[in-house]
Amino acid sequence: MMGAPATATTTVRRRWRPDLASLAPLIALLLLLVVGTLVNPNFMSVDNLLNVVTRCAFIALVAIGATFVIGAGGLDLSVGSMTAFVAGVMIMTMNAGSGEPAIGTLALPMLVAVALAAGCGLANGLITTFGRIEPFIVTLGTMGVFRALITYLGDGGTISINTQALRDFYRPVYFGNVLGVPVPVLVFVIVALIASLLMYRTPFGRHVTAIGSSEDVARYSGVSIWRVRTLTYVIQGLCVGIATIIYVPRLGSATPTTGLLWELQAITAVVIGGTALRGGSARIWGTVLGAIILEVIGNIMVLSTHISEYLIGAVQGIIIIVAMLAQRALHRRQT
Amino acid sequence: MMGAPATATTTVRRRWRPDLASLAPLIALLLLLVVGTLVNPNFMSVDNLLNVVTRCAFIALVAIGATFVIGAGGLDLSVGSMTAFVAGVMIMTMNAGSGEPAIGTLALPMLVAVALAAGCGLANGLITTFGRIEPFIVTLGTMGVFRALITYLGDGGTISINTQALRDFYRPVYFGNVLGVPVPVLVFVIVALIASLLMYRTPFGRHVTAIGSSEDVARYSGVSIWRVRTLTYVIQGLCVGIATIIYVPRLGSATPTTGLLWELQAITAVVIGGTALRGGSARIWGTVLGAIILEVIGNIMVLSTHISEYLIGAVQGIIIIVAMLAQRALHRRQT
Amino acid sequence: ANAQTMAVSIPAADHGWTGGVVYFTNREADALRKAYPNLKIIVKTSPSGADQASAIEDMTSTQKIDALVVLPQNSDELTSTLANVKKKGVFITVVDRGLKDTSIQDLYVAGNNPELGRVAGEYFKKNLPSGDIVVLRGIATVIDDQRVKAFQEAIKGTKIKIIDMQYANWNRDDGFKVMQDFLSKHKKIDAVWCQDDDIAVGVLEAIKQANRTDIKFVVGGAGMKDMIKRVADGDKMIPVDVLYPPGMVATAMNITASNLTGKLPVRGTYILSAPLVTKDNAKEYYFPDSPF
Amino acid sequence: MGDLDSPVAISPAATAEALFRAEGIAKSFGPVTVLRDIDLAVRAGEVHAVLGENGAGKSTLMRILSGHYQPDAGAIWLDGKPIVFRTPVEAEQHGVVLIHQEILLAESLTVAQSLFLGREMRRGPFVDDRRMRGITAAQLDELGCRASPDARVRDLPIADRALVQIARALLEPHRVVIFDEPTAVFTPHEAQALFAIIAKLKRAGTAVLYISHRLNEIEQIADVVTVLRDGRHVATRPAAGLSQLDMARLMVGRDMSTLYPPKPPLPAAQAPHVLEVSDIVVPGHVEQASFTLRQGEVLGFAGLIGAGRTELFEGLLALRPSRVGELKIAGKRCHFSDARDAFDAGLAYLTEDRKGKGLMLNQQLVPNLTLAALDDFCSGPLIDRAKEQQGFTESQGRFDIRAGRRDLLARQLSGGNQQKLMLAKMLLLSPSIVVIDEPTRGIDIGTKSQIYAFIAGIAASGKACIVISSEMQELIGLCHRILVMRAGRIVGEVSGDDMTEDRIVVYATGAAQDEAVQ
Ligand SMILES: Nc1ncnc2c1ncn2[C@@H]1O[C@H](COP(=O)(O)OP(=O)(O)OP(=O)(O)O)[C@@H](O)[C@H]1O
Ligand SMILES: Nc1ncnc2c1ncn2[C@@H]1O[C@H](COP(=O)(O)OP(=O)(O)OP(=O)(O)O)[C@@H](O)[C@H]1O
Ligand SMILES: [Mg+2]
Ligand SMILES: [Mg+2]
């Protein structure tokens, strides 16, 4: 209908340029792998690498949820305590069951874990959206609440799976593998796949980054802010629930220290993965890489032989900063 | 072309409405004072109240610095570890001196503390601005570094002031008072006064909130972003230095757990005080009130008799959320 | 008889052992309230040294306290605070972590951290003629430091070599993680000393996963019921445990209460030993109801 | 008018005495060339207008002249001496200042603080707030702006923000002042105040570069006109003797007949009401407004800044707190609790604040376009990306959105193209009632007539349209009926022959009849 729609520009198919920002964490990871190999030849052994990726499953799962929350401009500090609380309740449900362990024995506790975690997330979401309080404060508050509840439930001590049979039955959920791929790895890859489908291919995912980049614009475009924001917290809860399900079989117990500082690690994984803390972008796979990077750094620290155990924290801190500087530098060079 | 630009309207300035948000933390504090009195009549005793405001001095001081950093859109997670590190070095300097304690014996360590803390802040600032990395990552890194350094310096143990004479000589800096006002209270009030002068009455303060609100606008307006931002971290360092000077005489030692989670408390104080985490506003007095609020909540927890030890964290978390909800509700009613 | 008040200040339940401390404190408080109707008992937990100093200030400034039982987060940090309380004439019982200035404490119930390290070291000395061992430390604190130093002292001059040492923060998850990495790093480990039973839980799980047979035994510490049970059951991997009972706080409260009510005037120092729990004596130390 | 088509340089003498001159300026962003070989010279005391279609490169050129961008080629002279501005601050130090097309203010600062940001007045080490506030008040008075110096920028309406931005630039005397579409958000009232100021600048010997899509303004104030097309210099002419139609022809490169399409036939008096609003109250902004809209009608809303037109409709769509007495759409009672409810009922509202409420500036064009109507681009639960791309191609053609590349961010579009993108985004909802707030803000004259035709088309197809505009000619040319608001009330209605600027101004200002007609 309109005069001369600049045909020239539309016909020139734009070259597909890889999103360099999303490659950055990959580059950082590769650098770390090189460093690891230099530090200790055992680093590259299959066993060690499998240990590391299996271990990072919890933080990866929690951080995938955090990517939704942070992408929408929110924050959730309660995830670590939530894990502990959910793990405690899950084990208690398990212990309440009786008889020979069977799939059914596990199904209910697992369901309870996921539902409870989703409920905790819902609470975070509703308080944040309807109370209009900074999510920092809300989730700091619920962090205290969840942590206190697990301490209370366990009388300040440990809540453990009470029969060895049940423990052995549940064990493969952390220690087992499918065609050589450890179960936790399988789980977080599947969750990341679903999450990226949700984030990049559904209206909901669009709305998440929309409210993260401008709440006003989203509101004027008919996006229901409270619904989307609350859902991000529910998704965070679901991810915590799944993380808990694969956490419990590892040591068979929940303690007041379970999940301590996971919130910090999850946020770090998200940020290393390239998602901005101020919201508006969300990189699911970057987050997964971020979680792996964190775990690899920890692993390198233990495998290295020359660092005083007192200074490990310092070296770890410096490596994180240097890795970020390096990926920033590479990134700037290429654009 | 058009007649008479209605001259009448040009002189009628729109009403300027006072900033109710700044009253909100005060309201929350008053509510808490009522709760405290109900919980335990001794709460309102002069001794108890003096204890509480004296104690909140550390977090108040650190949080005043954090108000600058957050106001400019930054974040500093390293303050707690920085306190530990600075306290350790300060005590070692003190112990290195010899002879009868005199004013001079303290002057050098104090100077060292302030200079070292400012230097740590400078490092945070320069890495953030020149490295262009999220401050979350930078200060998470330096948090690990400072914490490791204090562990290293103390060989994993405690660094204590080594003579009783020195301890006694230094004691009044925390336990003393001037005309009935405890020294720490005096210090944080003076620092808050200076900070609010700096924030509200100097071009620098203007620039802090300007870059927090929009870095681009500030840049176009000729504000040197890196200089202002780096300075906010230096100010944060100075505040940590001063907090350390009054912290050391209280417990007389520095340990690897000194200042643990202070960053979280400082940020919480800032947010409760009404400064938005995304930057662009800065309420020094709100922050001070926020720090007092946090300490009062802790105090009420200790004075209350009916709460299970295990649930204190939960009650504390709920109180923070409810206090925020209450001040938000009051605030909305009035506008 | 006039009512008296005893305040108890202990660390918050932030890991297994402190959880046990809180449990035993509450249990003892209930028992004492029954035994001495005129005795008022206040229990407060604190998450850090500074908080503990604050809590003690708060308790003593808002009410009259006759006795204070305190298990310090860090004794150095509490010295001046307790000196102040002492000036008010309060009877002070310090548990586990003694003050440098011993004139402040009326009663000291010592758990003796170096002893825990020494006893473990002696066991290694006796049962491992030579070999490579790894050590998993707790959280960087004085307690941890004392234990490790004493352990090193005890194995001095033997052919036992500590080939690696890392912090595992007195918790299971870190124990598991660090041990997994130790196993990747060292092809041969003869034994593990991990100072704490929580860490031991993680260590055992990591060894089980790796199917390694070179590790002859793991020695923890503290006396967690699960571990005591394994010792009693004759588990090869956990031949012994070094007791460091969180219940020591109950002992201290009990003696202090007797003292207050005039039944048993006592001052001085009680040193609880850190006995080695073996298959033979494990039954004595097994409390299935404890959360720890 | 054949001579109009060849670029004719101003005489050499004129170039020699130019105060500020640019030669051979070129600029590309990646593969997209935005400016090629542009020459421009402006003399002291001259108002030099720069015209061109949306995306022609006007703003880019001005940013180069004021140190925001560095040119790829070419040079700049000030006072006959070559000069390079590495930053905007450097340009300002040399007396060259740009007032941006987009509002660039820190939202959390107050008006006075914004005016003096980066050049605060001091007394000793402290800022001298009282003095700055006084100067701010005086400066705003001169511009006819009623905002308080202590008000936060975030609480100001767009027009006031634009005025604050101008006030900031004019705080210190400059040698060259560049206005990039300053009047886009103004009513004639503010515009006149601005022209008075420009006249004053002229008298003081300041060189003024002026960009606008309102050609009547150019006629009124410009001395010289330069036209750009697709990043090329097309012509430079003395303004005298250049009619609006001439200018339009130079810009678009073809003949422009009329701006306004014929009005669609007046809806019959018995045409059904599609929208009935009674007693809507938006606290602080609108008191008890009621109005109706018929099928096939184009209804205008006029008023001064702050009259509450925007707030009225934001309140109606529950975008801000409001109480609606009764709301009927197509005769059915409705209640909206958010914008989505309104969209579902067939009512769409296009905001006036494209930067704050219209577009996600840091996201790409396609997600921006489809945000409101995302469900239409799904197959099953998933977004169909091919469909989205196709939708974009269609909208791009329909609204002539000129983007060099598809993967640009919204903020990299020219101002007018951003406006078109926003229009396209809301019309993807296929609403039956469209409310457009400032529909042609920053739109070039060619596209403007297309948008007008569009609005007329909406009405003719049995839908209905409400237009809020500060350009009275636009309302008069387009609407069947105009409601005038003042201070939160609907104070008058004009239609038919009554629709004149004078009548509207009388209602809008509340001025006495004789005063307005003089
Ligand atoms: N940073 C950028 N990256 C890529 N392209 C850009 C960038 N900035 C501007 N452009 C492109 O340059 C062209 C010219 O833009 P400019 O803003 O100068 O137009 P304009 O003449 O001011 O238009 P309008 O009248 O709509 O304001 C547009 O096509 C725009 O998309
Ligand atoms: N009484 C008042 N006190 C303070 N501010 C007011 C008052 N009345 C109006 N305002 C300001 O005016 C703004 C409303 O003006 P706005 O320009 O959005 O209305 P409008 O009629 O849509 O005008 P336009 O569309 O021309 O901008 C409000 O956002 C508010 O900040
Ligand atoms: Mg433009
Ligand atoms: Mg408007």
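Some notes on this structure:
- Take B:Gly176, move 7 Å from Cα toward the beta carbon, and the resulting point lies 7.0 nm from the same point in each other copy, nearest first.
- Per-pair calculated FRET efficiency, R0 = 35 Å: B:Ile307 and C:Asn2 via Cβ, rounded to 0.05: 0.80
- Gyration tensor (alpha-carbon) shape descriptor, segment A:45-334, a/c threshold 1.5: oblate
- Mean-position separation - Cα centroids, segment B:200-234 and segment C:151-199, in angstrom: 51 Å
- Phi-derived couplings, Karplus 6.51 cos²θ - 1.76 cosθ + 1.60 at θ = phi - 60°, listed residue by residue for segment D:361-367: 5, 9, 10, 6, 5, 5, x Hz, with x used for Gly and Pro.
- Taking the label point 7 Å along Cα→Cβ, B:Leu49 and its counterparts in the other copies are spaced 6.6 nm apart, in ascending order.
- When only Cα pairs below 8 angstrom with a gap of at least 6 residues are kept, chain B shows a relative contact order of 35 percent.
- Within 10 Å of each Cβ in A:209-217, the average number of Cβ atoms from other chains: 6
- Computed from Cα positions, the angle between helix D:385-399 and the longest principal axis of chain D comes to roughly 70 degrees.
- Three principal axis lengths of segment A:185-291 [C-alpha, angstrom, descending]: 49, 24, 21
- A Gaussian network model of chain A, with springs between Cα atoms under 10 Å, assigns the largest mean-square fluctuation among A:Ala115, A:Ala269, A:Ala314 to A:Ala314.
- Comment: the Cα-to-Cβ extended label point of B:Ile318, at 7 Å, lies 4.8 nm from its counterparts in the other copies, nearest first.
- Sorting B:Met324, B:Met90, A:Met44 from the fewest to the most surrounding beta carbons within 10 angstrom yields A:Met44, B:Met324, B:Met90.
- Expressed to the nearest 5 percent, the antiparallel share of DSSP beta bridges inside the protein assembly as shown is 45 percent.
- Among B:Thr105, B:Thr128, B:Thr163, residue whose mean-square fluctuation peaks in a GNM of chain B (springs only between Cα atoms under 10 Å): B:Thr163
- Candidate aspartates and glutamates - alpha carbon under 18 Å from C:Lys161, same-chain residues fewer than 8 apart omitted: A:Glu309, C:Glu122, C:Asp132, C:Glu153, C:Asp190, C:Asp214
- Restriction of the trypsin sites (Lys or Arg not before Pro) in segment C:78-119 to DSSP coil positions whose beta-carbon has at most 14 other beta-carbons within 10 angstrom yields C:Lys88, C:Lys100.
- Hydrodynamic radius (Kirkwood) for the protein assembly as shown, which is based on Cα pairs only, to one decimal in Å: 35.5 Å
- The charge dipole of chain B, taken about its Cα centre with unit charges on the Cβ of Lys, Arg, Asp and Glu (plus for the first two, minus for the last two), comes to roughly 1260 debye.
- Considering only B:Gln236, B:Gln164, B:Gln316, the Gaussian network model of chain B with Cα springs below 10 Å gives its largest mean-square fluctuation to B:Gln164.
- Cα convex hull volume per residue for segment C:134-207 (Å³): 74 Å³
- Under a 5 Å amide H cut-off, with hydrogens placed 1.01 Å from N, D:Phe29 pairs with D:Val34 among residues at least 5 apart or on other chains.
- Packing-based order for D:464-476, D:320-332, using average beta carbon neighbours within 10 Å, highest first: D:464-476, D:320-332
- Centroid-to-centroid separation of segment C:72-144 and segment D:387-459 [C-alpha atoms, Å]: 75 Å
- Candidates A:Leu311, A:Pro182, A:Leu289 compared by Cα position along the dipole of segment A:45-334: farthest toward the positive end lies A:Leu289, with charges placed on Cβ.
- Fewest-first ranking of A:Thr83, D:Thr440, using other Cβ atoms within 10 Å as the exposure measure: D:Thr440, A:Thr83
- Trypsin sites (Lys or Arg not before Pro) within segment C:129-234: DSSP coil, no more than 12 neighbouring Cβ in 10 Å: C:Lys156, C:Lys187, C:Lys188
- Whichever lysines have a C-alpha closer than 28 Å to that of C:Lys40, once near sequence neighbours (fewer than 8 apart) are set aside: C:Lys64, C:Lys86, C:Lys87, C:Lys88, C:Lys263
- Nearest-ten-degree value, helix A:103-131 long axis tilted from longest Cα axis of chain A: 50 degrees
- Chain C, relative contact order in percent, only Cα pairs under 8 angstrom and at least six apart counted: 19 percent
- Counting neighbouring Cβ atoms within 10 Å and putting the fewest first, the residues D:Cys145, D:Cys334 line up as D:Cys334, D:Cys145.
- Each residue, B:Ile103 and D:Ser495, gets one label point 7 Å from its Cα in the Cβ direction; the gap between the two is 8.8 nm.
Laboratory data are not the source of any read-out in this text; all were calculated from the coordinates shown. Bear in mind that the values here come from a model prediction, so they are computed numbers and not experimental data. Here Cβ is always computed from backbone atoms with ideal geometry, including for glycine, and neighbour counts include all displayed protein chains.
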